[in-house]
Amino acid sequence: MEPAESSCVCTSLRMATRSINRLYDRALAAVGMRVTGYSILSRLADEGPMSVSHLARRLGMERTTCTREAAPLIDAGLVDMVPGSDRRRRVLRLTELGARKRAQAFPLWKDVQQRLADDFGGTDIDALLERLHRLQASGDRLSPP
């Protein structure tokens, strides 16, 4: 049985997200990763060390969720957590092992990106991403801080 269609924006986005998440997770499983971990490694690789709060904001997630998602990466030695400018601030930093793991995962991630573009349409993917960014901005504007 196929999932039910919904006119609810939230329900439809969550259903699509679960489907796409499974696709990326299955591909990245070959190197022992999940897409959330890959996203954390990629953001740290692209932007350098940053506080947990800043990383959470950059990934559009709650700070506690970011801490929970980073924990297995820290345990695996892919990310270091070091003290920041004060005792309360914790900074995450990509390790050499983390950079190598990300490099292993990149071709798998890129393959999924390409397969999605081939199946959905490259122009449609670009338009979807633009609209999703706009939708996210609307949600952020409409949500109280």
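The values are calculated or read from the model by the stated rules, or taken from the named source; none is laboratory data. These numbers come from a predicted model, not from an experiment. Cβ atoms come from the backbone with ideal geometry, glycine included; neighbour counts cover every protein chain shown. Remember, those area values only see protein heavy atoms, side chains included, never the ligands or the DNA or RNA. Shrake-Rupley method; radii C 1.70, N 1.55, O 1.52, S 1.80 Å.
Just a few scattered comments:
- Taking a ≥ b ≥ c as the square roots of the eigenvalues of the Cα gyration tensor, region 44-85 is rounded, since a/c falls below 1.5.
- Potential lengthening between ALA16 and GLU2 on full extension [0.36 nm per residue; Cα-Cα distance subtracted]: 3.8 nm
- Calculated FRET efficiency, LEU23 to SER138, Cβ-Cβ distance, R0 = 35 Å: about 0.85 to the nearest 0.05.
- Most fluctuating residue given options GLU130, GLU96, GLU69, as computed from a GNM of the chain linking Cα atoms under 10 Å: GLU130
- Once volume of the Cα convex hull per residue in Å³ is calculated for the structure shown, the corresponding label among (1) 98; (2) 143; (3) 131 turns out to be (2).
- Heavy-atom accessible surface of region 57-145: percent carbon and sulfur, 1.4 Å: 52 percent
- Efficiency of FRET from Cβ geometry, ALA30 and ILE74, R₀ 25 Å, rounded to 0.05: 0.70
- Ligands, DNA and RNA left out, the accessible area of region 1-41 computed with a 1.4 Å probe is 56% carbon and sulfur.
- Crossing angle, helix 9-28 versus the chain [Cα axis fit, 0-90 degrees, rounded to tens]: 60 degrees
- Calculated accessible area for region 17-145 comes out at 67 Å² per residue, all protein chains present (probe 1.4 Å; ligands, DNA, RNA ignored).
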